[in-house]
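Working notes, beginning with the structure itself.
The values are calculated or read from the model by the stated rules, or taken from the named source; none is laboratory data. From a predicted model like this one, the values you see are computed outputs, not experimental measurements. Every residue, glycine among them, receives a Cβ derived from its backbone with ideal geometry; neighbour counts consider all protein chains shown. Side chains are part of the model used for accessible areas, which takes the heavy atoms of the whole protein and leaves out ligands, DNA and RNA. Shrake-Rupley method; radii C 1.70, N 1.55, O 1.52, S 1.80 Å.
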Amino acid sequence: MNLIFLGPPGAGKGTVAQKITDDMDIVQISTGDLLRGAVKEGTELGIKAKEYMDKGKLVPDELVIGLLKDRISKEDCKNGFILDGFPRTIPQAEALDNSDVEIDKVVNFNVPDELVIHRITGRRICKECNAVYNIYPDCDPNPKEKGKCDKCSGELYQRDDDREEVVMKRLKQYKEQTEPLVDYYKEKGILANIKADNPLDEIVEDTKKAVKS
Ligand code: ADP
Ligand code: AMP
């Protein structure tokens with residue numbers, strides 16, 4: 001099964017993806033993680049992408065589309081995948097339509113802006129395995145041990161672009177460039193809306209139901 005998770009930054013796309021991929025025997029593909037990997041390795045693409053990411057802007061379509069196509073062609077994607085953070089523009093969605101990839105369902109995570117800002121500023125990521133955590137007690141999941149990944153004991157860090165001033169820019173560009181994809185996929189008849197300001201376990205169950213229907 002091939003899925004797209006749509007929604008503003010901080011909506012919980014990655015967290016839910018990480019909770020359902022094992023059960024569904026599919027892989028999570030986060031273009032954000034792929035780009036941060038390229039930045040860390042210092043590749044040519046990473047150097048170009050960093051300029052945009054630091055400012056809360058989208059990386060140019062041609063760079064992201066190439067990266068995504070490359071990732072999707074790998075053997076571990078044969079059973080299916082969740083695209084988390086892709087597509088983010090109409091041209092990216094069209095590139096997917098024009099490839100030989102069939103998308104079964106698009107899950108749209110609906111969350112009010114103020115909650116997104118709260119979740120993002122408390123977000124922490126594992127340096128080793130990219131697992132997502134949060135430092136605020138009202139967010140989910142909290143690491144069992146402060147600053148350490150439950151799964152691999154890796155160190156948790158805060159993303160540079162999760163600072164409030166950059167988050168506001170990312171939200172603005174989400175509304176301008178990515179939100180139009182909600183109607184794009186609604187018209188195709190494959191959109192499922194999820195109330196994503198609920199407790200995490202409920203969202204995970206709602207998502208599983210939505211992709212089966
Ligand atoms: P996205 O992938 O959509 O940008 P994340 O999955 O990284 O968002 O979630 C943003 C932050 O909110 C993370 O720190 C995560 O731990 C937290 N979070 C995600 N879903 C929930 C939820 N349902 N309730 C509380 N906190 C959540
Ligand atoms: P994310 O981890 O999904 O929040 O993405 C972090 C940053 O990576 C975004 O703010 C963009 O700068 C860049 N990015 C990730 N995915 C895409 C995409 N599909 N198109 C353009 N830029 C992207």
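Name, by its number, the condition in (1) crowded, with 17+ Cβ neighbours inside 10 Å; (2) within 16 Å of ligand 2 (Cβ to nearest atom); (3) in contact (Cβ under 8 Å) with a residue 24 or more places away in the chain that does not hold for Lys105.
(2)
Taking the stated definitions as given, is Tyr52 open to solvent by 20 Å² or more (accessible area, probe 1.4 Å) and either at pLDDT 95 or above or in contact with a Leu (Cβ under 7 Å, 6 or more places away or on another chain) (or both)?
Spelling it out, Tyr52 is indeed open to solvent by 20 Å² or more (accessible area, probe 1.4 Å) and either at pLDDT 95 or above or in contact with a Leu (Cβ under 7 Å, 6 or more places away or on another chain) (or both).
Looking for whichever is assigned to a helix (DSSP H, G or I), touching a residue at least 60 places away in the same chain (Cβ under 8 Å) and over 17 Å from the mean Cα position of the chain (by Cα) here; the options are Asp23, Asp33. Which one fits?
That would be Asp23, the only listed residue that is assigned to a helix (DSSP H, G or I), touching a residue at least 60 places away in the same chain (Cβ under 8 Å) and over 17 Å from the mean Cα position of the chain (by Cα).
Residue-by-condition table, conditions (1) more than 17 Å from the chain's Cα centre (by Cα); (2) over 24 Å from Glu94 (Cα atoms):
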{"position": "Gly122", "(1), (2)": "no, yes"}
{"position": "Pro141", "(1), (2)": "no, yes"}
{"position": "Glu145", "(1), (2)": "yes, yes"}
{"position": "Lys148", "(1), (2)": "yes, yes"}
{"position": "Glu165", "(1), (2)": "yes, yes"}
{"position": "Gln173", "(1), (2)": "no, no"}
{"position": "Asn198", "(1), (2)": "yes, yes"}
{"position": "Glu205", "(1), (2)": "yes, yes"}
{"position": "Ser213", "(1), (2)": "yes, yes"}
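Could you tell me whether any residue of the stretch 5-17 is within 15 Å of ligand 1 (Cβ to nearest atom) and either surrounded by fewer than 20 Cβ atoms within 10 Å (Cβ to Cβ) or among the aromatic types (Phe, Trp, Tyr) (or both)?
yes
Quick check: anything in the stretch 151-161 within 9 Å of ligand 1 (Cβ to nearest atom), open to solvent by 30 Å² or more (accessible area, probe 1.4 Å) and outside any strand (DSSP E or B)?
Looking through the stretch 151-161, none of the residues is within 9 Å of ligand 1 (Cβ to nearest atom), open to solvent by 30 Å² or more (accessible area, probe 1.4 Å) and outside any strand (DSSP E or B).
Hey, Val116 hits all of (1) touching a Leu at 6+ places or on another chain (Cβ under 8 Å); (2) within 18 Å of Asn2 (Cα to Cα); (3) crowded, with 21+ Cβ neighbours inside 10 Å but one; which does it fall short on?
(2)
Would you please list the contacts, defined by Cβ atoms under 7 Å and residues six or more apart or on different chains, that run from a residue in the stretch 134-159 that is closer than 17 Å to His118 by Cα to a residue that is away from ligand 1 (no atom under 15 Å from the Cβ) and outside any loop (DSSP other than H, G, I, E, B)?
Correct list of pairs: empty, since none qualify.
In the stretch 2-20, what count of residues is obtained for those that are within 12 Å of ligand 2 (Cβ to nearest atom), of a type in the set (A, V, I, L, M) and not in a helix (DSSP H, G or I)?
3
Filter the stretch 191-207 down to residues that are assigned to a helix (DSSP H, G or I) and within 10 Å of ligand 1 (Cβ to nearest atom) and give me whichever is nearest to Arg119 (Cα to Cα).
Of everything passing the filter in the stretch 191-207, Leu200 is nearest to Arg119 (Cα to Cα).
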